[in-house]
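All remarks here apply to the structure that follows.
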Amino acid sequence: MKTQQKSVHKKLIRILAAVLLLLAILAGAFFWYVSDYYRAEDVALEVLAQNDGIVTQDNLTILSPSYQSDTAIIFYPGAKVEAEAYLPLLDQIRQTGITCILVDMPFHMAIFDSNAAEDVMTQFPEIEHWYLAGHSMGGAMASKFAAEHPDEVDGLILMGAYIYGDYPDEDTLTIYGSLNQSVEDHIDYTENIVEIEGGNHAQFGNYGLQKGDPPAEISAEEQQKQTVEAIEAFLAERNPANP
């Protein structure tokens, strides 16, 4: 009897050891995967260095316009992209009079904190009009939040992404590069769609070439300029009283 119990005990120990080894391997693989991400280029980091109306607070970077605004955009970065890569784009948007709040996501992946906007909103009670925006997976997670919190969000702005969840296309601005065929193939709605001719997937941010993404036929500056113009027109139409 004792011999049998010892045998069962040894088997359980071996099983437990195997499970722990498997968990260690999976954890190692995960951390290896998320540690390999796209870094922000120098041009993006230079925006942060100017420190003019830009404040970093915990996992947020707040870009404030030169005058007080009651409208803000919460921005979710693309998957495995350093958040600061989107500063050149957001800096241009804030110059149109819109507060921009960039969220640095856990492991550089918005899927791990799709509800980040909820905490952001509570920190800025002076903001009356909230828009969710995001690039690629960040756009999908922003769309998910908007669909689940329609009463808290005035609109959705997607870049290199399409509506994910049940959110009205009339309240959504979808912007994508003409070379980003995978996004175009998934857009099954018709309102507020802006296609940037010669643009690709990556150039909404400044983090270099992205695997599987064709080289753009226009510069990142031009793609972002057209993006800002589309956003400015979308917001002006929805909130004409905004300065």
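The values are calculated or read from the model by the stated rules, or taken from the named source; none is laboratory data. Please read these numbers as outputs of a predicted model, since none were measured by experiment. Please note: Cβ atoms are built from the backbone with ideal geometry, for glycine as well, and neighbour counts cover all protein chains shown. Just so you know, the surface numbers come from the protein's heavy atoms only, side chains and all, with ligands and any DNA or RNA stripped out. Shrake-Rupley method; radii C 1.70, N 1.55, O 1.52, S 1.80 Å.
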Which value, in debye to the nearest 20, gives the size of the charge dipole of the stretch 39-187 about its Cα centre, when Lys and Arg are +1 and Asp and Glu are -1 at the Cβ?
380
How many lysine pairs does the chain hold where the Cα atoms are under 26 Å apart and the two sit 8 or more places apart or on different chains?
7
Considering only protein heavy atoms, what per residue accessible area in square angstrom results for the chain with a 1.4 angstrom probe?
51
Hydropathy first: keep DSSP H helices in the chain averaging at least -0.5 on Kyte-Doolittle, then drop any whose Cα extent along the axis falls short of 20 Å, and list what survives.
2-35
Tensor-based shape of the stretch 151-243 (alpha-carbon gyration tensor, a/c under 1.5 rounded, otherwise prolate or oblate)
oblate
Determine, at each q value in 0.07, 0.11, 0.13 (inverse angstroms), the log₁₀ of I(q)/I(0) that the Debye formula gives when each Cα of the chain is one equal point scatterer.
-0.28, -0.57, -0.75
Once ligands and nucleic acids are excluded and a 1.4 Å probe is used, how much of LYS11 is accessible, expressed in Å² to the nearest 10?
110
